[in-house]
Amino acid sequence: MKAMLLKQQGGPLVYMEVPDPRPDDQQVLLRVLACGVCRTDLHIIDGDLPSPKLPLIPGHEIVGEVIEKGAKVDQFAIGDRVGVPWLGWTCGECYYCQTERENLCDMARFTGYKIDGGFAELTVADQRYCFSIDDYYADIDAAPLLCAGLIGYRALKLAGDGQQLGIYGFGAAAHIVTQVAIHEGREVYAFTRENDVAAQEFAKQLGAVWAGPSTALPPKPLDAALIFAPVGALVPAALQAISKGGTVVCAGIHMTDIPALPYSLLWGERVLRSVANLTRADGLEFLSLAPGIPVKTHSIAYPLSQANEALADLRAGKFSGAAVLIPSMD
Ligand SMILES: [Zn+2]
Ligand SMILES: [Zn+2]
């Protein structure tokens, strides 16, 4: 099969022929229909995240068709369309797995990081971590739900029920979370890079009541803020924007250092926390909610062989929404 391979951190990915993967007992063999490109892929390629499998096929927002099943696969049939997320395997036995927090599993293996992912024509995935994809979604539109959607949704839940919600960094996750938050009756305030008028317009089109630069204060204090941009300086900015008792959730897997900040920004029972990975329960909950809202994703298609271009465009903030690789376009 053809795949985009990371040979060493620092990149770039190399488009090349590699052996077809073979499913073990619990795995399905998937023909990849679409695979989203996530900021985490950039962190893995750049070396911000340590010790990936090497060589590695990145990609953890996979929509695929089951073309072969391992001996123990009982949840999916040949021809089914399934989604493969970041959480690829957990031990089931550690303290976290035993307390419904498999997202924190000590032994967890992550798709497109510790195990090969979906920047390829074929992939294998453990059936126990795969999701069914609702018919409402085309392949390209379903892909961003699998990380941007799931992790965004988990971040939103951890932010509490507050009405006024700030979102810092208006990319793939933000454009999905905004729709969920508005559906829940909240007001969304979108914070973008200083002169990113396109992202601010995009946020307003999706229903944000206010959009401005991350250096600005919102017109009224926020109950909670989600930070999707990997920029530590946004932490004091977001703490300054929330009211007493409010929560700031850092939703990225990597962030630059958080600058020193006066304790008064945290005082008043303000909460600062991160969100890590996802549980399968988050995935089932979000993927059953999404078509009913309905969450619509804004996806930009790239051929599989153009993964480096998609990653460069993501890094440069060249598009609004989510980039998705489509192997059949090559
Ligand atoms: Zn575990
Ligand atoms: Zn991701």
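All of the numbers you see were taken from the coordinates with simple rules; none came from a lab. Note that the structure is predicted; figures quoted are calculated from it, not measured. Ideal geometry is used to build each Cβ from the backbone, glycine not excepted, and the neighbour counts take in all protein chains shown.
The figures follow:
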| quantity | calculated |
| --- | --- |
| Whichever residue in segment 222-255 is of a type in the set (Gly, Ala, Ser) and within 19 Å of the chain's Cα centre (by Cα) and, among such residues, is nearest to Leu165 (Cα to Cα) | Ala225 |
| Segment 172-205: number of residues that are part of a loop (DSSP other than H, G, I, E, B) and crowded, with 23+ Cβ neighbours inside 10 Å | 0 |
| Search result, residues across segment 275-311 that are over 23 Å from Pro58 (Cα atoms) and under 14 Å from the mean Cα position of the chain (by Cα) | Phe286 |
| Residue pairs meeting the criteria (Cβ under 8 Å; at least 6 apart or on separate chains; first under 12 Å from Ala281 (Cα atoms), in segment 82-104; second within 16 Å of ligand 2 (Cβ to nearest atom) and aromatic (Phe, Trp, Tyr)) | Leu87/Phe110; Leu87/Tyr129 |
| Flag for Gly117 being assigned to a loop (DSSP other than H, G, I, E, B) and within 15 Å of ligand 2 (Cβ to nearest atom) | yes |
| Failed condition for Gln98, given (1) touching a helix residue (DSSP H, G or I) at 6+ places or on another chain (Cβ under 8 Å); (2) part of a helix (DSSP H, G or I); (3) within 16 Å of ligand 1 (Cβ to nearest atom) | (1) |
| Scope segment 251-268; condition polar (S, T, N, Q) and either within 20 Å of Ala159 (Cα to Cα) or in contact with a Gly (Cβ under 6 Å, 6 or more places away or on another chain) (or both); matching residues | Thr256 |
| All positions within segment 307-330 that are in a helix (DSSP H, G or I), hydrophobic (A, V, I, L, M, F, W, C) and crowded, with 16+ Cβ neighbours inside 10 Å | Ala307, Ala310, Leu311, Leu314 |
| Checklist (1) part of a loop (DSSP other than H, G, I, E, B); (2) under 16 Å from the mean Cα position of the chain (by Cα) applied to Asp141, failing item | (1) |
| Identity of the residue in segment 60-90, within 16 Å of ligand 1 (Cβ to nearest atom) and among the hydrophobic types (A, V, I, L, M, F, W, C), that ends up nearest to Gly47 (Cα to Cα) | Trp86 |
| Unmet requirement for Ile115, which otherwise passes all of (1) touching a residue at least 24 places away in the same chain (Cβ under 8 Å); (2) β-branched (Val, Ile, Thr); (3) touching a Lys or Arg at 6+ places or on another chain (Cβ under 8 Å); (4) away from ligand 1 (no atom under 16 Å from the Cβ) | (4) |
| Conditions (1) over 24 Å from the mean Cα position of the chain (by Cα); (2) in a loop (DSSP other than H, G, I, E, B); (3) away from ligand 1 (no atom under 16 Å from the Cβ); number of the one not met by Glu93 | (3) |
